[in-house]
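The values are calculated or read from the model by the stated rules, or taken from the named source; none is laboratory data. This structure is a prediction, so every number in the text was calculated from the model and none was measured. Here Cβ is always computed from backbone atoms with ideal geometry, including for glycine, and neighbour counts include all displayed protein chains. Accessible surface is based on the protein model in full, side chains and every heavy atom, while ligands, DNA and RNA are left aside. Shrake-Rupley method; radii C 1.70, N 1.55, O 1.52, S 1.80 Å.
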Amino acid sequence: MTSFLLDSILEEDPEKSSSPRLKKGICSDKTKRLMDFCCGSGVIGYALRNALEKEKRKKKVKLTMLDADAVALEAAKQNFSSLVSGNDDVNDDENNIEYLLSDGFPQKTTTKPCDLILTNPPVHYNAKPDFRVLGHMLTELPNVLKKEKKGGACFCVCQRYVPLESVAQYYQTTKTIDLKIHAKNDRFCVWKIVCKAKSDS
């Protein structure tokens with residue numbers, strides 16, 4: 001599922017076959033604040049950060065890694081250390097990576113709203129479907145993500161059976177966010193979620 005999400009936003013760079021770049025339209029030229037929500041081992045966040053920094057020619061990109069599992073966050077830190085070891089193409093400035101232990105968006109996630117959020121959120125609890133994390137994410141998204149007019153976007157990957165539109169309606173978020181399918185296959189679906197300006201709601 002993580003691979004499908006990354007494949008939907010990244011593409012091969014013809015000048016560097018081993019160095020993927022962001023597809024056109026994924027984010028604005030001013031994007032510099034990223035978040036990997038429910039980051040797990042950090043694969044999504046690091047891939048996005050590295051691709052974006054290459055496009056911005058090594059300009060600093062702030063990445064927030066957020067997860068409710070302390071073990072997962074520690075694994076993300078270790079993976080970052082492994083990633084930068086001996087790799088000159090990766091910015092090794094740890095000061096621009098923030099690790100947050102939380103089961104949802106904290107009140108002050110970053111000093112400024114994020115430009116881009118990627119997430120593979122949990123949709124099960126004790127092997128049963130449970131969309132509470134997803135619902136709370138949709139509810140709080142306008143507090144941490146820039147409005148669509150300013151280039152903000154969230155890309156969320158789920159199994160195709162997950163009724164994201166129904167979850168948005170249940171949590172009464174349809175006045176504050178818009179969502180549409182960005183990519184899908186026979187198993188997974190990537191949704192693009194944007195926050196409306198107040199005049200649009």
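Values computed for the structure shown
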item: By average C-beta atoms within 10 angstrom, highest first, the peptides 31-44, 64-77; result: 31-44, 64-77
item: Dipole magnitude of the chain about its Cα centre (Cβ charges: Lys, Arg +1; Asp, Glu -1), debye to nearest 20; result: 920
item: Helical mean residue ellipticity (222 nm; -39500 (n - 2.57) per DSSP H run of 4+; nearest 500) of the chain; result: -8500 deg cm²/dmol
item: Counted charge near GLY135, where neighbours are those whose Cβ lies closer than 14 Å (Asp, Glu -1; Lys, Arg +1); result: -3
item: Axial C-alpha extent at least 15 Å, average Kyte-Doolittle at least -1.0 - helices from the chain (DSSP); result: 43-55, 70-84, 132-144
item: Cross-link pairs LYS62/LYS180; LYS77/LYS150; LYS112/LYS149; LYS60/LYS198; LYS147/LYS175; LYS112/LYS196 - those with Cα-Cα distance over 19 Å; result: LYS62/LYS180; LYS77/LYS150; LYS60/LYS198
item: Peptide ranges 144-152, 115-123, 168-176 listed from the most packed, as the mean C-beta count within 10 angstrom indicates; result: 115-123, 144-152, 168-176
item: Heavy-atom accessible surface of the chain: percent carbon and sulfur, 1.4 Å; result: 47
